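This report refers to the structure that appears directly beneath it.
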Amino acid sequence: MEKIELSRLVQLHPERVSHVSSTDYPGHWPGEDHTWDLEVFRHNLRLDIQRLTPSTIDFDLIGVDASIANALRRILIAEVETIAIEKVFVWQNTSVMQDEVLAARLGLVPLRIHPGRLETWQPEATATDANTISFQLQVSCTRRPNVSSAETDPSKLYENSTVYSSHMIWQPVGQQGHLPDWVSDPPAVAAPDIVLLKLRPGQEVHAELHCVKACGREHAKWSPVATATYRLMPHIDIVSPVPERLQQKFVESFSPGVIGRRKGQGGKGMEVYVKDARRDTVSRNVFMHPEFEGVVKLGRVRDHFLFSVESAGQIPPQALLPEAIAVFRRKIKVVSSALEELIHPTAAAEEGEKEAADGEEREDGGMDVDL
Amino acid sequence: MNALPRFELFTLGDGEKAIEVVEDTKIPNAATIRVAKQDHTLANMIRGYLLKNPKVLFAGYKVPHPLEPHFILKIQTDGTATPVEVLQEVCTTLLTLVAKIEGKFKEQFQQKELEVGLEEPYGAPGGRLPRGDYTEPRRANAMDYLDF
């Protein structure tokens, strides 16, 4: 196991945790300078992608303060903008589900639309082709002819007995139907098999769904993640050898796969070693047994964050962090340009224009990943 | 019941300033800064990195009321720079820091071929997002994070 300085560890004891806050501030340790330095930071920063699936990304962020990791998590949940159904105009609804329940349900359906395609919805704005996407939901249920009278399965007896998210059809408005990228990749639902409601013969729903761009702070339906979390890397330090007769019990005190057994050094007997600390749930079960007292020291690495981010479907998982970082930049830029205005009241406006011109040369941003 | 409309959490009101600075008259080199329409996400980060600056003697923040979308930041410096200058330095620090994080993230995709796991955690059906790359021509006048 990698050797980690004690100052980077949150220490875990049987009944309490200690050394929780970071102490790498200037003036905290005599004779040590912890001033933030780009070179030191660049040397310590690590980012390892552990797993990427069509819907999730797990990555390790190492060498940053907890406030940065937490800001990224909070931004992912609440401040990355996506597009969701905001207004539902119900023309006909004879199903058993009330209009308002249906509308609330529709709002939560994740839509696979690039957020860059719309302008952010402003309060009191009027719907235009630049800020609204429209879907049509029109389904009626009928009895299927020539079905055996012994049949009891509604999906065989009736046509459209279940309304799925795939029944929502995009209705281009204004310019939308003429833009080549909209036509080649039309707005659609992220998953076609979400059950919206159930119908029986004679029942019908007909609604127009207006989708707008906003962020999760306004309502959770705009959150692009389901959900984003991090935990600290567990650290296990076996300080004294475990006798062979107790090794099985020691291994079982941790989550499966955390502790391994191997041939001891010098070829005599077996010894235990930390195989994969990441898998530990930090149950601290090992502290229950008096025979293991003083054998092991548990901790968590304070600046080693194990992120686990699951996309809700609007934004692919590998694009979530870059999107969050874009929001992060925008937030700081608000503060820094307001300060610039305070320090140099006229210079700030000019600089803003210059930076906008610089930005255009770097249009190649975004991810080029084929999955 | 008493909560503001939710858009007021992030849109500046008419005539509202993003930042207001009140210099402290009783403590030397100290200022109280009110940042509108921001919450713990930004506040804690700024506080953390203010403390990493050797010119800062004190830095702390509070969100006075959970329903009021602003926070108050108190900074005292050792006199070699004003609180406003130190805060500007921290903004630059955070911008370079986040650029490094983004650089590392993109590096991961360039340097090695990432295997996309077929096995989905939490029993979700696999292959739900066959989306390819995420680059797309944006609207000509749309704001992008590279426009800053």
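The values are calculated or read from the model by the stated rules, or taken from the named source; none is laboratory data. Treat the numbers as computed from the prediction; the structure is a model and nothing was measured. Please note: Cβ atoms are built from the backbone with ideal geometry, for glycine as well, and neighbour counts cover all protein chains shown.
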Please enumerate the residues belonging to segment A:8-22 that are farther than 18 Å from A:SER67 by Cβ and surrounded by 10 or more Cβ atoms within 10 Å (Cβ to Cβ).
-> A:LEU9, A:GLN11, A:LEU12, A:HIS13, A:PRO14, A:VAL17, A:SER18
With criteria (1) closer than 18 Å to A:LEU209 by Cβ; (2) surrounded by fewer than 20 Cβ atoms within 10 Å (Cβ to Cβ); (3) out of contact with any Phe, Trp or Tyr (no Cβ under 8 Å at 6 or more places or on another chain), A:ASN131 comes up short on (3)
Considering each residue of segment A:233-272, count those that are within 28 Å of A:ARG302 (Cβ to Cβ) and small (Gly, Ala, Ser), and give that number.
-> 5
Could you please find all residues in segment A:153-170 being touching a helix residue (DSSP H, G or I) at 6+ places or on another chain (Cβ under 9 Å) and in a strand (DSSP E or B)?
-> A:THR162, A:MET168, A:TRP170
Criterion (in contact with a His (Cβ under 7 Å, 6 or more places away or on another chain), at pLDDT 90 or above and basic (Lys, Arg)) met by exactly one of B:ARG47, B:ARG34 = B:ARG34
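What about A:TYR158, is it touching a Cys at 6+ places or on another chain (Cβ under 7 Å) and surrounded by 13 or more Cβ atoms within 10 Å (Cβ to Cβ)? Spell out the reasoning first.
On the way: touching a Cys at 6+ places or on another chain (Cβ under 7 Å): yes; surrounded by 13 or more Cβ atoms within 10 Å (Cβ to Cβ): yes.
Criteria met by A:TYR158.
Scan segment A:189-202 for residues that are assigned to a strand (DSSP E or B) and either closer than 12 Å to A:HIS167 by Cβ or not assigned by TED's automatic domain parsing to the domain that holds A:MET168 (or both) and jot them down. Lay out the reasoning, then the answer.
So in segment A:189-202, the residues assigned to a strand (DSSP E or B) come out as A:189, A:195-198.
Selection gives A:VAL189, A:VAL195, A:LEU196, A:LEU197.
Any idea which residue in segment A:42-56 is farthest from the other protein chains (Cβ to nearest Cβ), counting only those that are touching a Gly at 6+ places or on another chain (Cβ under 8 Å) and within 26 Å of B:LEU42 (Cβ to Cβ)? Full working, then the answer.
Residues of segment A:42-56 that are touching a Gly at 6+ places or on another chain (Cβ under 8 Å), as a first pass: A:44-46, A:51-55.
Subset that is within 26 Å of B:LEU42 (Cβ to Cβ): A:44-46.
Working: A:ASN44: 10, A:LEU45: 6, A:ARG46: 7 Å.
Looking at the filtered set, the residue picked out is A:ASN44.
Any residue at all in segment B:75-85 that is touching a residue at least 60 places away in the same chain (Cβ under 8 Å) and either within 11 Å of another protein chain (Cβ to nearest Cβ) or farther than 24 Å from A:TRP29 by Cβ (or both)? Quick ask: steps written out before the conclusion?
Here is the first cut: in segment B:75-85, the ones touching a residue at least 60 places away in the same chain (Cβ under 8 Å) are B:83-84.
From the residues that got through so far, the ones that are either within 11 Å of another protein chain (Cβ to nearest Cβ) or farther than 24 Å from A:TRP29 by Cβ (or both) too are B:83-84.
Looking through segment B:75-85, at least one residue is touching a residue at least 60 places away in the same chain (Cβ under 8 Å) and either within 11 Å of another protein chain (Cβ to nearest Cβ) or farther than 24 Å from A:TRP29 by Cβ (or both).
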Condition met for A:VAL90 (touching a helix residue (DSSP H, G or I) at 6+ places or on another chain (Cβ under 7 Å), in the same structural domain as A:VAL163 (by TED's automatic domain parsing) and surrounded by fewer than 22 Cβ atoms within 10 Å (Cβ to Cβ)) | yes
Tally time: how many residues in segment A:57-87 are small (Gly, Ala, Ser) and within 9 Å of chain B (Cβ to nearest Cβ)?
-> 4
Segment A:110-128 - residue that is surrounded by fewer than 21 Cβ atoms within 10 Å (Cβ to Cβ) and aliphatic (A, V, I, L, M) and, of those, farthest from A:VAL212 (Cα to Cα) = A:ALA125
When restricted to A:PRO186, A:PRO145, the only residue more than 30 Å from A:SER55 (Cβ to Cβ), without any contact (Cβ under 8 Å) to a residue 40 or more places away in the chain and not in a strand (DSSP E or B) is A:PRO145
Go through the residues of segment A:276-283 one by one and say whether even a single one is within 14 Å of chain B (Cβ to nearest Cβ) and under 30 Å from A:SER21 (Cβ atoms).
-> yes
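Kindly indicate whether B:ALA59 is touching a strand residue (DSSP E or B) at 6+ places or on another chain (Cβ under 6 Å), at pLDDT below 95, more than 9 Å from chain A (Cβ to nearest Cβ) and under 30 Å from B:ALA3 (Cβ atoms).
On the way: touching a strand residue (DSSP E or B) at 6+ places or on another chain (Cβ under 6 Å): yes; at pLDDT below 95: no; more than 9 Å from chain A (Cβ to nearest Cβ): yes; under 30 Å from B:ALA3 (Cβ atoms): yes.
No; evaluated as a whole, the condition is false for this residue.
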Restricting attention to segment B:3-18, does a residue exist that is more than 9 Å from chain A (Cβ to nearest Cβ), of a type in the set (A, V, I, L, M, F, W, C) and assigned to a strand (DSSP E or B)?
-> no
Kindly indicate the residue of segment A:23-41 that is surrounded by 13 or more Cβ atoms within 10 Å (Cβ to Cβ) and in contact with a helix residue (DSSP H, G or I) (Cβ under 7 Å, 6 or more places away or on another chain) and also farthest from the other protein chains (Cβ to nearest Cβ) among those meeting that condition.
-> A:PHE41
If you take just the strands (runs of 3 or more DSSP E) that sit entirely in segment A:3-99, which of them hold at least 1 residues that are farther than 30 Å from A:ALA207 by Cα?
-> A:9-12, A:46-52, A:56-62
